[in-house]
Amino acid sequence: MQDDAMKLAAVLALSLSTIAWAPGAAAQGARIPADAVDAFHAALRNKDTAGALSLLDRGLVVYEFGAVDPTVEAYAFRHLPFDMDLAVATRWQLESRRVGGEGNERWVLSTYRVTGKQSDGTPIDQTTLETVILRRTGELFRIVHFHRSTSDAAFQARAQGQRSQGPAR
């Protein structure tokens with residue numbers, strides 16, 4: 001178990017230092033803001049740590065289900081593994097989306113129907129709201145902030161509890 005945590009820390013450290021903000025071919029992003037959001041969700045579903053991190057801006061701040069990750073490093077080390085596990089165990093069906101902003105700052109507002117089961121077997125069937133703010137750097141957009149919430153108080157409490165435990169691998 002400790003070996004798994006050390007491996008995860010090594011992958012995250014490498015990703016944070018070289019892949020996520022490297023200029024050139026290693027860094028990912030999207031030319032259209034909604035594509036960056038969709039690519040981030042796909043990376044979570046595929047448990048692609050490097051891919052997910054490469055879509056995040058160095059100045060990332062996350063508000064998620066009542067918890068805050070004030071830096072990209074905090075998100076990567078504390079809550080990215082939880083988000084990946086949740087993405088694998090659930091189906092996120094896009095119900096509505098609005099895109100706006102101008103210049104180098106854009107936003108994407110999405111509503112998803114999320115269904116599946118949590119790791120403890122508890123069923124999930126809820127609407128999740130997501131606000132994503134993106135910044136263009138060069139030709140590509142990267143995520144600067146995302147905020148997710150749900151009106152399902154029981155899910156929010158379970159998510160906060162699981163997120164506070166950190167990546168137990």
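Highest mean first, what order results for 38-50, 94-106 on Cβ atoms within 10 Å?
Final packing ranking: 38-50, 94-106.
With every protein chain kept in place and ligands, DNA and RNA left out, what is the accessible area per residue of the range 28-162? Probe 1.4 Å, answer in Å².
45 Å²
Rounded to the nearest percent, how much of the accessible area of the range 28-162 (1.4 Å probe, protein heavy atoms only) is carbon and sulfur?
Answer for the range 28-162 is 51 percent, counting heavy atoms of protein chains only.
Would you grab the residues whose amide H sits under 5 Å from the one on residue 107? Only those 5+ places off in sequence or on another chain, please, with H modelled 1.01 Å from N.
Close amide H contacts, sequence-distant or interchain: 100, 101, 134.
If you bin every alpha carbon distance in the range 28-162 into 5 Å steps from zero, what whole percent lands in each bin?
2, 11, 21, 25, 22, 13, 5, 2, 0
Would you mind checking which residues have amide H under 5 Å from residue 118's amide H? H placed 1.01 Å from N; only 5 or more apart, or other chain.
Under 5 Å from the amide H of residue 118: 124.
The values are calculated or read from the model by the stated rules, or taken from the named source; none is laboratory data. None of these values were measured; they are calculated from a predicted model. Quick reminder, even Gly has a Cβ in these numbers, built from the backbone with ideal geometry, and neighbours come from all protein chains shown. Calculation scope for accessible area: heavy atoms of the full protein, side chains included, ligands and nucleic acids excluded. Shrake-Rupley method; radii C 1.70, N 1.55, O 1.52, S 1.80 Å.
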